[in-house]
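Data block below; observations after.
Nothing in this text is a laboratory measurement; each read-out follows from the coordinates by a stated rule. Bear in mind that the values here come from a model prediction, so they are computed numbers and not experimental data. With ideal geometry, Cβ positions are generated from the backbone for all residues, glycine too; neighbour counts draw on all protein chains shown.
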Amino acid sequence: MMTGTRDRLSLWNSLIVLTGFCSLVYELIFAQLLAGLLGNAFARFATTLGVYIVGLGIGSILFTSKDEPTDRKLFFRAELVLSALGLVSPFLFVAFNQVFSESPHRDLGLVLSTHAVIFCVGFVSGWELPVLTSILSHRTGDGESRVLGFDYFGMFLASVSFPIMMVGNFGLLTTLFIVTFMNLSAALATFLVLRERTRVEMIALLGLLILNAAFLFNIRHLEAWMSLVYAPPS
Amino acid sequence: MRRQVEITFYLMVAFLVSICGMSYELILVRVLGSLSNDSVTSQSITIGTFLLSLGIGAFLFGKSKARDDQQSVLRLLIAVEICLSVFALFAIPSIQIASLYVKGAKLVVYSQLVTLIIGTLSGIELPAFIELLKPHLRKSFAWVLAANYAGAFAASLLIALRLVPSLGVITASWLIALLSAAVASLLFFRRFNFSLSWHWIGIPAAVMLPGFFTVNLRIPLEQFYLKSFYYAAPSTFSDVRSTLRLHAQIPRVLRISSPYQEIDIVRSDSNVFGVSGQSVSSEPDAFFLYLDQKFQLSSITEQIYHETMVHGGLNLAPREAKKVLIVGGGDGLIARELLKYREVETITLVELDEEVISLANMHPALSELTQGSLRDSRVKVEIADGFEWLKRNREKFDTIFIDLPHPVSVDLSRLYSVEFYRFVKRALEPGGSMIFDFPADGILKNGSRSEQNVFASILASLVEAGLPHYAAFGTWESFLIVSSEKHDFKFDYDRLDQKISDKSAFNMELLEVKLEPARANSIFRPSYLRERNAGG
């Protein structure tokens, strides 16, 4: 019984590191992608960071803890939604570009719509931390500072590995889909320790895992396709 | 009622403080991005270090004894804000000056030390405010976090859209330092329960005074940095005096900060004051143009460059040039050469930076070179981002000239991507061609592996965009001419003689390009083209 609890504890701790890691990588990827799609890298970097942080803030404030099983289910769902958003985001960006290309309010529309997506990712990410905090505080008494510490550590790891992944020729989209895969793994790990599991949730999880793997295996085709949609040849 | 005021006061100050924190982070990211060759890595590392030091600051606060008592928390916060303010005044200039002496990894280490200090100090703020509000507010953690997030958001908009583009990083950082000092004084007044007795005013004033004076030092500091960068930097401390005397004799470096880049015009007045990286000139009034401290144009060599590009390019081009597009080239020098051809009917020039156009029209030395080309009736200047303009463009041109800085930043890499070249192809008439600066000579013979990779990647991007047929020309200043249709590019030397100077005539030769195949550069899979800083 004791071992079980200790294992679970390190599971949750590593999940905190993972969510911190993924948070920052999402933000950095969006900043790079939007710099390419919209131009002005510094402004994009700052606005994506700002919007992401606002999303984080609102997400974390709106969370109210009930009890542990509900918390764990919330975390599972948050991870699913986060990965789904991550998987769909580059397609959304390109789609927004098509939608707004002829409109007179093009720049504003593009900026608002793309940042709305980033806000949503930030919002769901904002749920992660308080949920994990409350799960951990159900187990140990020590909530906030430990969680913050691990979270920062995860973000620090992200800041160091992001340039390595990018410069190491993975590419923006591969990195994005690796991170969504990490979120899905977190969802899977949580799923396995949930007490109540529904069929719908299992199908959603499996479906997203398969989709993610499919994207990763066909990444070069996806990149080429998006490039052709964004900049069609004459 | 009293409690409400107290809560509002602290939340407002927390909001201001988080504006400062986020602003410092963004400014540090920006400075390092522009000083290093690899902005993606340096930005990433700066964020990571900043976050880490926020954590360290929070940790230190947790361990400190000050947290037990409200008054000592307040005192700690005041001390933190004063330290931040003073430190921030020196932070960015010190990184700039450090960049004169150390490069690469060592510079990154030094600047991360600066980041660490600012981040740690900032990291103390958040838990301190939570502590201050705990007796008054039930969910103080959530409220302070909310103020923190709001401040971060406000800062991201303020810095990215207003302060840095209009004022530049140093002045922006000083304004934020002033804000930190203002926060310190607000907290100071709170500490003494807002009583306004004489000497208490003196202390916050003393804090803000350095900020005010330093604003007056902005220009001398800037000139010291620029002259050290372009001419000579003091090599040791004892050297400083003599270097300053030297600097006093050098004409002022003209720096124009546009929202997009720093434009420097550097003069070379006599043999004694050679400009670093340039060969010593015997011509009076020679000057050099730099964009973001990267060399763009020399008044001595520009003739060969532009004559080769325009006359050589048009000579090789299969299609007669009636309708021409220039992307970049805001200095007006390509236009000057193009106007010598009567068959050219319209020249559309798309330049991002209005300041460059103003310089070309109004700067005494530059406008003399330009000969009023930008005001010619055949020339239509459009101020726009080249990428966006081409994306929206539906017109077709016979020839397109692309005169842009080399892809040393993320923004510039975009202009060397598959997507950009597809837009170029779409803007070309059948049989039309595109000509751009391609330092084949330097790179192929003396370039490093990574430099060769950059240009190999550009070639790959051209091919993937549907522009696979090219030829390189120009022995000293070289260019690439590109077309979608197959064409045997050959110089017609008979047609060439009249319009060019003797110097350029020797440059008109075709070159062979042999590079290892590389991956194309796409927005969706950037190859982060980067180049080593040449000289300077």
* To do: Using Cα positions and a limit of under 19 Å, work out the lysines in reach of B:LYS139, with same-chain residues fewer than 8 apart set aside.
  => A:LYS66
* Structure fact -> Per residue of A:151-161, other chain Cβ atoms within 10 Å number on average 5
* Given H placed on each backbone N at 1.01 Å, which residues far from B:LEU297 in sequence or on other chains put an amide H within less than 5 Å of it? -> B:LEU289
* **Value of relative contact order over region B:52-166, rounded to a whole percent, pairs C-alpha under 8 Å and six or more apart** => 41 percent
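Mind giving me the FRET efficiency for B:LYS340 and B:THR301? R0 is 25 Å, r the Cβ-Cβ distance, nearest 0.05 is fine.
Numbers: r = 19 Å, r/R0 = 0.77.
That pair, B:LYS340 with B:THR301, gives E of 0.85.
How big is the charge dipole of the protein assembly as shown about its Cα centre, in debye rounded to the nearest 20, if each Lys and Arg gets +1 on its Cβ and each Asp and Glu gets -1 on its Cβ? Intermediate results must be reported in sequence, preceding the final value.
Details: 66 positive and 68 negative charges, 493 e Å.
Using Cβ point charges on Lys, Arg, Asp and Glu, the protein assembly as shown gives about 2360 debye.
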* Putting +1 on Lys and Arg Cβ atoms and -1 on Asp and Glu Cβ atoms, find which of A:VAL229, B:SER64, B:THR475 reaches farthest to the positive end of the dipole of the protein assembly as shown. => B:SER64
* **Pair B:LEU161, A:LEU194: separation of 7 Å Cα→Cβ label points (nm)** => 4.0 nm
* **Selected from A:THR47, A:MET155, A:LEU74, residue furthest toward positive end of dipole (chain A; charges at beta carbon)** => A:LEU74
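What is the magnitude of the charge dipole of chain B about its Cα centre, with +1 placed on the Cβ of each Lys and Arg, -1 on the Cβ of each Asp and Glu, and no other charges, expressed in debye to the nearest 20?
Working: 52 positive and 53 negative charges, 474 e Å.
Once rounded to the nearest 20, the dipole reads 2280 debye.
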* Choice from A:GLY57, A:GLY126, A:GLY36 with maximal GNM fluctuation in chain A (Cα, 10 Å cutoff) -> A:GLY36
* Where does helix A:41-62 land angle-wise versus the long Cα axis of chain A, in degrees 0 to 90, nearest 10? -> 30 degrees
* Asked: region B:121-200: which chymotrypsin sites (Phe, Trp or Tyr not before Pro) are DSSP loop and have at most 15 other beta-carbon atoms within 10 angstrom?
  -> B:PHE192, B:PHE194
* **Cα-based helix-to-principal-axis angle, B:449-464 vs chain B, degrees rounded to 10** => 70 degrees
* Asked: Amide H to amide H under 5 Å from B:GLU485: which residues, 5+ apart in sequence or cross-chain, H placed 1.01 Å off N in plane?
  -> B:GLY431
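Can you put B:ARG414, A:ARG199 in order, fewest other beta carbons within 10 Å first?
Ranked by crowding around the Cβ, least crowded first: A:ARG199, B:ARG414.
Is the shape of the protein assembly as shown rounded, prolate or oblate, going by the alpha carbon gyration tensor and its root eigenvalues a ≥ b ≥ c, with a/c under 1.5 for rounded and a/b larger than b/c for prolate?
Values: a/c = 2.43, a/b = 1.42, b/c = 1.71.
Oblate, because a/c is 1.5 or more while a/b does not exceed b/c.
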* Calculated from backbone phi, Karplus (6.51, -1.76, 1.60) coupling profile of region A:171-180 in Hz, x at Gly/Pro -> x, 4, 5, 4, 4, 4, 6, 5, 5, 5
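Rank the residues B:HIS487, A:HIS221, B:HIS136 as a footprinting-exposure proxy: fewest other Cβ atoms within 10 Å of their Cβ go first. Write down the numbers at each step before the final one.
Details: B:HIS487 17, A:HIS221 10, B:HIS136 13.
Final ranking by Cβ density, sparse to dense: A:HIS221, B:HIS136, B:HIS487.
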* Asked: In peptide B:18-30, what is the residue-averaged number of other protein chain Cβ atoms found within 10 Å of each Cβ?
  -> 2
* Is chain B best put as rounded, prolate or oblate by its Cα gyration tensor, with a ≥ b ≥ c the root eigenvalues, rounded for a/c under 1.5, and otherwise prolate when a/b is larger than b/c, oblate when not? -> prolate
* Asked: Which of rounded, prolate, oblate describes region B:443-518, given a ≥ b ≥ c as roots of the alpha-carbon gyration tensor eigenvalues and a/c under 1.5 marking rounded, otherwise prolate only if a/b is larger than b/c?
  -> oblate
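What does the helix-only formula give at 222 nm for the protein assembly as shown: each DSSP H stretch with n ≥ 4 adding -39500 (n - 2.57), the total divided by the residues, and the result rounded to the nearest 500 deg cm²/dmol?
Details: 29 runs with 496 residues, N = 770.
Taken over the protein assembly as shown, the calculation gives -21500 deg cm²/dmol.
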* To do: Check the straight Cα-Cα distances from B:LYS425 and name the aspartates and glutamates below 16 Å, setting aside those fewer than 8 residues away within the same chain.
  => B:GLU388, B:GLU395, B:ASP398, B:GLU464, B:GLU485
* Any idea which of B:ALA335, B:LEU76, B:GLY123 is furthest toward the positive side of the dipole for the protein assembly as shown, if Lys and Arg beta-carbons carry +1 and Asp and Glu beta-carbons -1? -> B:LEU76
* To do: Specify the angular offset, from 0 to 90 degrees and rounded to the nearest 10, of the alpha carbon long axis of helix B:104-133 from the longest principal axis of the alpha carbons in chain B.
  => 40 degrees
* In terms of Cα to Cα distance under 15 Å, which aspartates and glutamates are near enough to A:LYS73, apart from those fewer than 8 places away along the same chain? -> A:GLU128, A:GLU196, A:GLU201
* Cα-projected label distance for B:HIS136 with A:ILE203, points at 7 Å along beta-carbon direction, nm -> 5.4 nm
* Might you report the magnitude of the Cβ-based charge dipole of chain A about its Cα centre, with Lys and Arg at +1 and Asp and Glu at -1, to the nearest 20 debye? => 340 debye
* To do: List B:GLU419, B:GLU6 from most exposed to least, where exposure is judged by having the fewest other Cβ atoms within 10 Å.
  => B:GLU6, B:GLU419
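Go through B:LYS340/B:LYS514; B:LYS106/B:LYS134; B:LYS294/B:LYS514; B:LYS340/B:LYS490 and tell me which ones have a Cα-Cα distance over 32 Å in this structure. Walk me through the numbers on the way to the answer.
Numbers: B:LYS340/B:LYS514 34 Å; B:LYS106/B:LYS134 43 Å; B:LYS294/B:LYS514 26 Å; B:LYS340/B:LYS490 22 Å.
Exceeds cut-off: B:LYS340/B:LYS514; B:LYS106/B:LYS134.
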* Rounded FRET efficiency, nearest 0.05, which uses the C-beta distance separating B:THR8 from A:LYS66 and R0 of 30 Å -> 0.45
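Evaluated at 20 °C with a viscosity of 1.002 mPa s, what Stokes-Einstein diffusion coefficient in µm²/s does chain A have when Rh comes from the Kirkwood expression over alpha-carbon pairs?
Values: Rh = 18.5 Å.
In µm²/s, the coefficient rounds to 116.
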